[in-house]
1. Which one, V24, S38, A48, is farthest towards the positive end of the dipole of the stretch 7-64 when Lys and Arg carry +1 and Asp and Glu -1 on their Cβ?
2. Can you work out the Karplus-derived ³J(HN,Hα) for every residue in the stretch 27-43? Use 6.51 cos²θ - 1.76 cosθ + 1.60 with θ = phi - 60°, whole Hz, and x for glycine or proline.
3. Please give the contour-minus-distance gain from A37 to L21: 0.36 nm per residue of separation, less the Cα-Cα distance, rounded to one decimal in nm.
4. So how much slack lies between N6 and E55, counting 0.36 nm per residue of separation and subtracting their Cα-Cα distance, in nm?
Amino acid sequence: MHDDLNIDLVFPIRDDVSAGLMCVKAELLYDAGIINASELNVVIGRAAAIIDQAEGTKSRQTIGNQNLGGP
């Protein structure tokens, strides 16, 4: 990618859905030779952190909603 481009502007990651989309976008741009491997890894790493955070929030919400009394 060009040095004057901001990776946060090219790959906006705001939630787990946009994180997944930016992974696909980054992989396609890498395959096309537009970004290099280190830039791909940065995007994948940022996306993984957001997805892990979202999954942790969802699992904590699920734990609170479980019926512990059984069927």
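1. In the stretch 7-64, that residue is A48.
2. 5, 5, 5, 5, 4, 7, x, 8, 10, 9, 4, 5, 5, 4, 5, 5, 5
3. Extra length available between A37 and L21 comes to 4.0 nm.
4. Taking 0.36 nm per residue and subtracting the Cα distance, the gain is 14.9 nm.
Bear in mind these aren't lab numbers, they're just calculated from the coordinates by the rules spelled out. These numbers come from a predicted model, not from an experiment. With ideal geometry, Cβ positions are generated from the backbone for all residues, glycine too; neighbour counts draw on all protein chains shown.
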